[in-house]
Ligand SMILES: [Zn+2]
C-alpha cells in the first residue's frame, strides 16, 4: 500500500466530526470503541482488561479508509 500525498479537496479534508468513544485507560493500549457499540455502564478493555474512559475523537467525515472491525467483538447469540 502506498500512502503518498493524495490530493483531496480541502473542504472535505477539513471536515471532521467528534466521535464519542470509550477508550482504554491504559496509555500503552490503543484500544477504543465507538460509544454506540457499548451498552455497558463501565466497559472494560477487551485487550488488557483495564477500565475504559469516555472520550472523543476527531475523525474525518468521509471515512473510507478506516474499515477495521472494532475490538468489541462480543456477540450475543
Ligand atoms: Zn486496553
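All of the numbers you see were taken from the coordinates with simple rules; none came from a lab. Note that the coordinates shown come from a computational prediction; the quantities given were computed from them, not determined experimentally. Here the Cβ positions follow ideal geometry from the backbone for every residue, glycine too, while neighbour counts run over all protein chains shown.
Please give the length that would be gained between residue 16 and residue 40 if that part of the chain were fully extended, namely 0.36 nm times their separation in residues minus their C-alpha to C-alpha distance (nm, one decimal).
6.0 nm is the gain from fully extending residue 16 to residue 40.
Which ordering of 48, 24, 29 is given by a fewest-first count of other beta-carbon atoms within 10 Å?
Ascending number of Cβ neighbours within 10 Å: 48, 29, 24.
Expressed as a whole percent, how much of the Cα-Cα distance distribution for segment 16-59 exceeds 13 Å?
47
Given an 8 Å cut-off on Cα distances and at least 6 residues of separation, report the relative contact order of segment 16-59 as a percent.
So the answer I get is 52 percent.
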